[in-house]
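Novice: Please find one structure pasted underneath; my questions will follow.
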Amino acid sequence: MKVNFANADAINDMNISGFTQNVSFAAGNWSDDEIRQVDLALGFMHRLLDSRVLLRTSSGAELTFTRVGTQTEGPGLDGLNGGGTIRFMDTTFTSGEDDVMTVVFHEVGHNWDEENGKFEQWKALSGWTQTDPHDSTRFVKGGDQDTNWWHRRTANFVQNDNYDQQNPYEDFACAFSAYMMNRAGKVFTRGPGISAAPDKGTFIDNFVNGLGS
Ligand SMILES: [Zn+2]
């Protein structure tokens, strides 16, 4: 069992889901202190479940945490997850170690957004649909720039920057992060946190408890 840490070469003009604009990064290098900060979140999840299940992908593959450098193009990001590779950048480490924990939990959450075994039920909590409901009284279009998603106006969300209102994947990653910060006794700085979405807190609690051992 291991988690891999890798330094990245420069990345030019990479397409990422959810955004129309591509992203570019300079090459990056991990510092020992940055790895220590990432490990705070990994160690917490390990102890919480007495299991390493969240330190792998949902299919049991090893995780790789890659350090890219300064972002030179595209929407500002704190972290990026694609196919078991979680990328962190300079901005991941500018707001203190609690914020690093928030980002690590968020990106690990993406490993389970549609792989949590109950993705249909997850979407139903917010009424996520890709079919235009033509009902602006009850539904709002999410902020995803690539894919059309709508959610119920009355749905509960944990962040106050609307990041979790883009699509059900960001919704899950944000709620997972807010839940883990709450369990860790840390302040979730992105919004009101999991207490603002008790239905999602219960969903993630059931999901996490089902992963144990
Ligand atoms: Zn995300």
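Novice: I'd like the residue in the range 87-99 that is within 15 Å of the ligand (Cβ to nearest atom) and surrounded by fewer than 23 Cβ atoms within 10 Å (Cβ to Cβ) and, out of all such residues, is farthest from the chain's Cα centre (by Cα). Full working, then the answer.
Specialist: The first filter runs over the range 87-99 and keeps only residues within 15 Å of the ligand (Cβ to nearest atom), leaving 87-89, 91-92, 99.
Adding the requirement that they be surrounded by fewer than 23 Cβ atoms within 10 Å (Cβ to Cβ) leaves 91, 99.
Numbers: Thr91: 15, Asp99: 13 Å.
Here the residue is Thr91.
Novice: Let me ask something else about it. When the residues of the range 193-213 are narrowed to those that are in contact (Cβ under 8 Å) with a residue 60 or more places away in the chain and surrounded by fewer than 20 Cβ atoms within 10 Å (Cβ to Cβ), which ends up farthest from Lys118 (Cα to Cα)?
Specialist: Among them, the one singled out is Ser213.
Novice: Also: Of Leu54, Leu77, Leu42, which residue is buried (at least 17 other Cβ atoms within 10 Å of the Cβ) and in a loop (DSSP other than H, G, I, E, B)? Spell out the reasoning first.
Specialist: Numbers: Leu54 fails: in a loop (DSSP other than H, G, I, E, B); Leu42 fails: in a loop (DSSP other than H, G, I, E, B).
Exactly one of Leu54, Leu77, Leu42 is buried (at least 17 other Cβ atoms within 10 Å of the Cβ) and in a loop (DSSP other than H, G, I, E, B), namely Leu77.
Novice: Sticking with this one: Restricting attention to the range 134-175, and to residues there that are closer than 21 Å to Phe207 by Cβ and aliphatic (A, V, I, L, M), which single residue is surrounded by the most Cβ atoms within 10 Å (Cβ to Cβ)?
Specialist: My answer is Ala175.
Novice: Checking Leu125 against (1) touching a residue at least 12 places away in the same chain (Cβ under 8 Å); (2) of a type outside the set (Gly, Ala, Ser); (3) surrounded by fewer than 20 Cβ atoms within 10 Å (Cβ to Cβ), which single condition isn't satisfied?
Specialist: The one condition Leu125 does not meet is (3).
Novice: I'd like the full set of residues that are touching a Gly at 6+ places or on another chain (Cβ under 9 Å) and in contact (Cβ under 8 Å) with a residue 60 or more places away in the chain, limited to the range 55-80.
Specialist: Residues satisfying the conditions are Glu62, Leu63, Thr64, Thr66, Arg67, Val68, Gly69.
Novice: Let me ask another. Those residues that are among the hydroxyl-bearing types (Ser, Thr, Tyr) and either assigned to a helix (DSSP H, G or I) or surrounded by 15 or more Cβ atoms within 10 Å (Cβ to Cβ) (or both), I need them from the range 1-39; list them, please. Even if it seems obvious, please write down each step before you answer.
Specialist: Filtering the range 1-39 for residues among the hydroxyl-bearing types (Ser, Thr, Tyr) gives 17, 20, 24, 31.
Scanning the range 1-39 gives a single hit, Ser24.
Quick note: the coordinates plus some simple rules give every number you see, no bench work behind them. Please read these numbers as outputs of a predicted model, since none were measured by experiment. So basically every Cβ, Gly included, is an ideal-geometry build from the backbone, and we count neighbours across all protein chains shown.
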